[in-house]
Every structure is written in C-alpha cells, then in structure tokens.
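The next block holds one structure in the form of structure tokens; read it before the comments.
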Amino acid sequence: MSESLIDAANTHQAQALVTRSIDPTPGGDSILVAPSTQDPQTDRGTVQAWAGEDFVPRHLGPSLADQAQMLEVLGFPSLAALIAKTVPPAIRLSRELQLPAGRSEYDVLQTLRAIAAQNQVFRSFLGMGYSPCITPPVIQRNILENPGWYTQYTPYQPEIAQGRLEALLNFQTMVSDLTGLAIANASLLDEGTAAAEAMTMCYGLQAKQGVKTFWVSDTCHPQTIAVVQTRAQPLGIEVVVGDHRSFNFDTPVFAVLLQYPASDGAIYDYQLFIDQAHARGALAIVAADLLSLTLLTPPGEFGADVAIGNTQRFGIPMGYGGPHAAYFATREPYKRQIPGRLVGVSKDVHGHPALRLALQTREQHIRRDKATSNICTAQVLLAVMAGMYAVYHGPAGLKQIAQRIQQLTQTLALGLQRLGYQLGQPPYFDTVRIQVEVHRGWRLLERARSQRINLRAIAPNSLGISLNETTTLQDLQDLLTLFAEEQPLPFTVSALLAETPAAYGPRTSPYLTHPVFHRYHSETELLRYIHRLQAKDLSLTTAMIPLGSCTMKLNATAEMVPVTWPEFGQLHPFVPLEQAQGYQLLFQQLETWLAEITGFAGISLQPNAGSQGEYTGLLVIRAYHQHRGEGHRTVCLIPQSAHGTNPASAVMAGMQVVAIACDAHGNIDIADLRAKAKQHQQQLAALMVTYPSTHGVFEEGIREICALVHACGGQVYLDGANMNAQVGLCRPADFGADVCHLNLHKTFCIPHGGGGPGMGPIGVAAHLLPFLPGHPVVATGGSQGVGAVAAAPWGSGSILPISWVYIALMGAQGLTQATEVAILNANYIAHRLAPYYPILYQGQQGLVAHECILDLRQFKKTAEVEVDDIAKRLIDYGFHPPTVSWPVAGTMMVEPTESESKQELDRFCEAMIAIRAEIQAIERGEVDRHNNLLKNCPPHRGGLNDRRLESSLFPRTGRVSLRLDTGT
Ligand SMILES: *Cc1c(COP(=O)(O)O)cnc(C)c1O
C-alpha cells in the first residue's frame, strides 16, 4: 500500500480512530483492579464514555466474582499472580499494547459504517473468475448469518455433524456432476491454490517419469498463473506458459493446465489437445467455470484428469476476494491423492447409511513430510452455501441462469458488432473480448468509470466485459451506449435480443439428478431442509467446543454483522484501489494492530489459512537466504510435536524436514535441538516452533531456542495458532521469532464455519519485509516479494472486518484480559480434573497455558476404554469432544477459551468426572467390558475408530460412495 493511498484514506473518522491508538490508558497488573472495562460502578461516570455498553465482559465467560472463585480454587490471590507464575518472566511484555481503548459494539459499528462507506460499489464486468451473483436471501439469513452453521467445528465427529456432512456431500455431488468427473472434494481455498494443488498432485502421480515441466495456457486467469508459478518454484518445477494452439509437446511435460472458458471468454474445444497430452504421457487439468458447465461439454467428457475452479458465483458475494469455496474434482483412480477433505457415505453401527470424512490417512497429521498437500482449514461454510444454491435452483434453475447470462452476452456481442467492434471468436458464455485501439480503450475505460462501471483491460488493445446473474437489459443498454461513444444507438436492445441466436449448449449429459436437487425449490422446503440439517449438528449455539489448538471462542454477532454489508460484499478483488478505500484503510489499521500484538515490523494479509501462512512464511525465509547468497540453506527443524501442516508446508517451500525430539514435559529437547542445529549448521534454513507448545505449556527456554537457531544461521518460524495464550502478555518478535502466522479464525474471532473460512496472515521482522508476497493484478507486498500465494491480493477480504471489530471492541486491556482469562479457564479445568485424569504436561510451575492435555491411556489397560470411547460418551453429555489423540495418541486436549463461563466449565468437568466413575465401574467388574455406556454411545454411533472405518470404507471388493447416489 502506498503512503498516499493511506493518506487519502484517512478521513476524520479514521483519524479519530488512529488518535485513540496513540492514547492507551495505562493499565494495572490485575484485571481485578482494572476497572475501565470491567466494573460498571466505577467506569460509567461520564457521558462521553457511554455508547451502548462495554463489550469486554460480554466476550468473557466468567464474571469477576466467578474469576475470584476460580482463583481461590487454584490458590492464587489474583489473576495477575496466576499469570506471573504461568508466563516465563523472561518473555513477559513489560508494557501495555499500544492499541485503541476498547469501545462498545454500537460505537465500533458506527465507525466501521463510515469506513465501509469509503468503498464504492461499481457495476463489475471484470470477470477473471469473480462474478456478481445473487445470494438467495433464505441462504444468506439461514446459513451465512446463522451461528448454528457458522460456529460449527470441522466435522471430525460424525455423530454430531451429519447435517454439514450432508451439505458437503451435496457440494461434492454437484461438482462431480457438473465437471463430469467421478470424485470431488469438499472444497479448497481458491481457484489459484486449487490449480497449484492440481499441479502438485499430477507431479506426484507422474513422479516416475522424472519430467519437471508443467505447461500452462496463457489464457488462464493471471492470478492463477501467478499462484502456480510461486508454488512451482521451490519444488524445482519449471512452468512454461504458452498458447495451446501452437504447443506441440516437443518439450516433455508432466501435465497441462487449461482455462475453460478461457479468461478472455473464448470457448475452445480442448479434446484434441488433451488427447495429444495423454499420448505424450501428460495429465490434463482444466480450470472450469462451474456455471458454464450446465451448458458446455464438461471437462470429464473431453478427457480432463482434474477439474478445478471457483464456486463463488453460486450465491457467494465477491467480498473483495473471498472467502469462496474452490472445487477440485478428479478421476476415480486418483482418489487417494486428492488434497483437502472428502465426505464419504459409510454405515453406522446399526448398518444405516451415515456420512463421515473419508480417506483421512492421507492427512498431514499422519503423513507429515510425506503429505501431498498442507490444506487443513478449507472453505466449508462457503461450500455449504454453494451446494445449497444448487439444491435451491436445481438443474433446470441453474441452466436457466446460465442460459440467460449466455443470451445476454450474445446480445451484447451482437450490439458491439453493429457498432463496428471486432470481437473475440464466438461462441461466448459470459465474456466478450473487444478489440480497441489503445487510445480509444483508455477513453472507454475512463468513460465507464465515470458511470460507475468497471471493465477489464485484457491487453493494451482489448477490453473484456463479463456478464453475470445480476445483469439486466438496462446494463446492456448502458454498456452499448458507452461503446457507442456519444453516438445514438442504431438499434434497440430489445430488438437485438429478439435477433440473438438460441443459446449455445452442446452438453447432453444429465446432472444433478439426485432427488436432493429437486425437492427443495420452494422457500418453505429449503428453509426446513436447512434447519433439519442444522439440528443434527452441534455448534457453539449448543455447548462449548473445547477443541485444543483450535480456539473455538465467541464469534460475537457485532463482529459478524458487517460481513454481509454490500460495501464489503460487492467489491470485485481487482477494482482500482480508489474504489476500495474503506477496505484499504481497514487493512492498514488491522495490519498495524496485528504488528503491535506480535511485535513484528509488517504483516501480509494474503494467506487465507494457517497452512498458507506457514507456506508463505517459509517462502519468505527461503527468499531471504537466497537474497544473501545462501540459497543452500534448506533444512527446516521441526519438533515431533508440531502440527501436521508444519512439515507439509516445509516440503512445499522446498525444504528438508529434520525432526527434533521432545522431553518428558513436552518441551523441545534443547540438547537434541542443539545437536541437530549444529549438525546442519551449513544448511540450516529455519526452525518451526509452536508457542506455547502444542503440549499447552509456555516453554521457559524459548529465547534460548531462538538464539541458538540464529547463531547457526537459521530463521525462526513461529506457528502462532496458540496466540490466544500470548496476546498482551508476550510477543513472538520480542523473544526471537522472525516470522509468525496468526490464525484469525482461532485467536481473532473469525468463526470456524465447520472447517473454514479462515485467514492466516503472517507477521515478519524488518529484514524480511522486502519478501512479502505480491500479486500480478493489484500491486502489493515487498519490493522483492515472493510471488502470489493466493488468488486475491488480500486473501479473503470480506472476513477481515470480523477481526478488526474484535480488536476495536476489546482494546489493549480487553485483549490482555481475554488472554488471562483463557489461561485461568484452562488451569481451572486442569485443576478440577487432575484428581481423575492425569494432566500430561505442565510447565515448571505446575501450570498450563491456555489448554491442557488429559492422559487417558491407562484406561485401555484397566477397562479396555479408549480415548474415542470417552470422546463419544461426552457427546451423550451434550458436549463436543475435545481434540483427540493429538499431539499425543490416546490423550485429549482441552482448550476452553476465555468465552466459556464458569458454569459451562463446571458442567464439562462434571461430565468428565461422571465418565470417570463409569470407567471405574468397568474397572471394578461391575459392568461388562464390551457392552457398556462408553462402548455403546452415542446411540447412532457412526464414527468408529478411524482405522477401522478407513478399511470398511474401502473394502477390497465393495464400493464406497463419495457422492450422492440414488442407489444408496
Ligand atoms: C490450526 C493449526 C494450524 C493450521 O491452520 P489452518 O488454518 O487450519 O490451515 C497449524 N498449526 C497449529 C498448531 C494449528 O492449531
């Protein structure tokens, strides 16, 4: 972002906000004596301070009185005393964060309204994979704006996830039908990263060939080409961009990537090209517009091995880049190589069909540095919406939408030809390319802008116009009038329409034949379907979801409301910056705040999940070493306890993973680290470390660890998924990290959405700023930036207001209190449960950070009870099970977060204690070891044990359905 832009964006509302940021109220040590946001008696004295009411006590679960009680149970006189013992003094931040003071919901939303008003919503005809569309209101209100859907967790526990699993199976079936390919996954992050995933999947499949060249059509969207190039580079893959009409495969390639229809609207018949590719041993990937496939021959029918693309135009707002669900479909034989998650149809213990995530063995947690992809959080909520859009419209409705767009496009083309313009070759689907002489092109773009219309400049001598679901005859009238340049139109649009030839629709194969796409076309039926599915699932609207490492905290309504404001929803990601001043100001403020919270010099908001942040951060480190002539530094040290995305990301960034052992307390074994760092001193690129550790403790040695890595020439990458234990108390940059990602969908209140969306921005120290990722269409990033890592320059822009609102509501003191209460809640649970279940790891002071691990391994011997049995039994008690068997097999990791009240924590503890008594009854022989409450729960148990289900899902002879099937 340029200075002038930021200057321009600073109107007075914004300045008021910035002024607040340099006037933090000095705070006391203990929240018990920090009245400004906690004590209604003392702080509501002045009229000025009142605007609604304080948000902080709404965000925090336990009241002050509850906190006092919990502290007493733990034996601490104050929260400050607990924190002083938990967080090692060596890393403790000695001052308050320099952030604006917390404000009320009413007040913050007023400010945000003024910021949003600085975004200008023009009519967008830009295309390039993003189209204005109509979100059916019934889907907007009942899914997108409904916490029953957006606060769900990833569906790892099928017994309480049948609703979203069914919605995702609908999505998979829709993609599979429309693309004509057998298998589709349950979403990826965006079209660019999906193309990159397809490239690496094909690379893996073709490994034996030893060919390292990937061919990409120059008619792909520019952001797709850029993301693919970035991904290829560290893997040593050479990307050749060319014209499929002239490429004759004399250079061997392992796969090709085509766009269908092409970015400029051309619809090519790729059959011969793909036949040729296959004959030369190459695989074919087609990036296809899913809506167009209701009319066009699907990629699966002309030989594509993989189809990928965006499902944004299936009812998802453009949102200045996202979030939207990308899709990924392929042929049956490649099902084990598919990146992301798949939903499969299985059977529950009673033999009834039940859904669950399938093929989990290829996930990073098990495969680690052998994983084929690092995708963890994807775009579940958006996939659910896109699937519902297809359920609502059905095959005939979708086809009608597509035909209407196509007809209007042909009418537009006819009109432009009558005006004397040369157009790209027909047929068209939604985009026409118009030849114009350069000066005329500029004039037209200018004129369009003055009428609040955005056209695409495809090349110096051609413009592009892409139509969409919202396009009207008036739009055509306006566009044609624009291109007539002052002259009266020599025709009427309705006369043109009458002359337009019939829709071009070579597709003959049926799609969306399953009854689900035919039953719910009335709003009443769809409303009930959505609610029926929702009712099968557990979300934060029902109970605590104590998922270790995933920080399922409150997603406040005030944080969510702006997401569907049109000023945020209706912006195309590539509009000129002057139309996105509101967004730019919001990003700049959010970057400033996140930089202050982490201690880093700069932030990139581009990565759209934690995994993408890891990959980006490591690319930045790689670029830094290369820039210093140390490109041979490619060894990445990763503790055994690391999240599976860490090793998978390191491999994607072209690094070799060396594992570091952990000691009996769960800490990094510093002796082993020292030995490995020394051993690889010449090649050391980085250490990836999670802090507090994945074992839920603040490691005392973190400064020493960082210093050690630096002394050996390496950089420190900090996995910031556990930032909820640090905000306001310590900062990664201060204790030695060089890069860190933040999971905004964990610590900073973006809801989990059932497995996405997410955002994984990275913070970097000053020496790494020049390498922050750039973008081919909108200038951003460092002067020597690594290429684009996501399709949109600022990732999923429309969910960034959520984190902005959270920070603005909480302020420096509120955020710090949240961290302190998160630590209090975790220690309270650990303390209450310790007499029943051993706490696996504790810090030197016998305390945990913001989560704790319960060791359940003993019960296997004493009662044949396994961790899954306890997890399932918790469902009977009304809870979502905690993280199971990670980071240690046979254990449970509990993270209550600051938002859960003492009553809810007690309810959870009591459930766990009751389960302990049930185990005891088995231990004592009072109940049967195999026929008991723990083994038979919940009544419709369908999860079984992962491994057992894996084999039953794919029996040697039988079949499993990864899509809806009228037969099952
Ligand atoms: C959640 C998590 C990640 C991955 O983040 P995604 O957004 O799911 O890609 C990485 N590391 C840790 C420790 C995590 O908890």
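Structure data summary
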item: Dimensions (Å) - region 64-202, Cα atoms, principal axes, largest first; result: 65, 44, 35
item: Over region 249-356, relative contact order from alpha-carbon pairs under 8 Å, at least 6 apart, %; result: 18 percent
item: Mean shadow area of region 253-328 over all directions, Cα convex hull, nm²; result: 5.5 nm²
item: Full-stretch length increase - Arg280, Lys208 - with 0.36 nm per residue and alpha-carbon distance subtracted; result: 24.5 nm
item: Relative contact order computed over region 725-769 (Cα-Cα under 8 Å; 6+ residues apart), in percent; result: 37 percent
item: Förster radius 45 Å - calculated FRET efficiency between Leu272 and His531, Cβ distance, rounded to 0.05; result: 0.35
item: Residues Asp275, Asp869, Asp478, sorted so that the one with the fewest Cβ neighbours within 10 Å comes first; result: Asp275, Asp478, Asp869
item: Whole-number Å³ per residue for the convex hull built on Cα positions in region 832-875; result: 90 Å³
item: For Ile915, Ile375, order by how many other beta-carbon atoms lie within 10 Å, fewest first; result: Ile915, Ile375
item: Cα convex hull of region 828-919, projected area averaged across orientations, nm²; result: 5.7 nm²
item: Cα gyration tensor shape of region 189-296, rounded if a/c is under 1.5, else prolate or oblate by comparing a/b with b/c; result: oblate
item: Inter-probe distance in nm under a simple model that places probes 7 Å from Cα toward Cβ, at Gln858 and Ala182; result: 5.0 nm
item: Restraint check, Lys212/Lys399; Lys536/Lys902; Lys536/Lys746, Cα-Cα greater than 31 Å; result: Lys212/Lys399
item: Size-normalised alpha-carbon gyration radius of region 679-783, reference 2.2 N^0.38 Å; result: 1.18
item: Cβ crowding within 10 Å averaged over residues, with 616-625, 904-913 ranked highest first; result: 616-625, 904-913
item: Whole-Å distance, taken between Cα centres, linking region 596-631 and region 264-325; result: 31 Å
item: Unit Cα scatterers, Debye sum, the chain: log10 I(q)/I(0) for q = 0.05, 0.06, 0.07 Å⁻¹; result: -0.28, -0.41, -0.57
item: Peptide ranges 779-786, 411-418, 559-566, 217-224 listed from the most packed, as the mean C-beta count within 10 angstrom indicates; result: 217-224, 411-418, 559-566, 779-786
item: ³J(HN,Hα) computed for each position of region 720-731 - Karplus, 6.51 cos²θ - 1.76 cosθ + 1.60, integer Hz, glycine/proline x; result: x, 4, 9, 4, 5, 8, 10, 3, x, 9, 7, 10
item: Lysines whose Cα lies under 23 Å from that of Lys676, excluding same-chain neighbours fewer than 8 positions away; result: Lys370
item: Per principal axis, descending, Cα span of region 345-425 in whole Å; result: 65, 37, 20
item: Added length on full extension, which subtracts the Cα-Cα distance from 0.36 nm per residue, Asn936 to Val240; result: 244.9 nm
item: For region 760-831, the fraction of alpha-carbon pairs in successive 10 Å shells from zero, as %; result: 16, 29, 28, 20, 7, 0
item: Segment Asp928-Gln681, length gained on full extension (0.36 nm per residue, minus Cα span); result: 83.2 nm
item: Alpha-carbon Rg with Dmax, taken over region 746-882, Å; result: 21.1, 62
item: For region 460-519, radius of gyration divided by Kirkwood radius, i.e. Rg to Rh on alpha-carbons; result: 1.15
item: Rounded tilt (10° steps) of 162-179 against the dominant C-alpha axis of the chain; result: 30 degrees
item: Listed peptides 429-435, 208-214 by packing density, highest first (mean Cβ within 10 Å); result: 429-435, 208-214
item: In Hz, Karplus ³J(HN,Hα) per residue of region 480-488 (6.51, -1.76, 1.60; θ = phi - 60°; x = Gly, Pro); result: 5, 4, 4, 6, 6, 6, 6, 6, x
item: Distant-in-sequence amide H partners of Val239 (H built 1.01 Å from N, under 5 Å); result: Phe214
item: Relative counts (whole %) of C-alpha pair distances in region 158-200, using bins that are 10 Å wide; result: 27, 45, 25, 4
item: Debye intensity ratio I(q)/I(0), log10, region 599-750, q values 0.18 Å⁻¹ (C-alpha model); result: -1.04
item: Percent of C-alpha pairs per 10 Å bin, region 861-915, short to long; result: 22, 54, 22, 2
item: Rg/Rg_ref, region 649-694, where Rg_ref = 2.2 N^0.38 Å and atoms are Cα; result: 1.21
item: Beta bridges by DSSP in the chain, antiparallel share as percent, to the nearest 5; result: 55 percent
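Each value in this text was obtained by applying a stated rule to the coordinates, not by laboratory testing. Everything numeric in this text was worked out from a predicted model, so none of it was measured. Backbone-built Cβ (ideal geometry, glycine too); neighbour counts: all protein chains shown.
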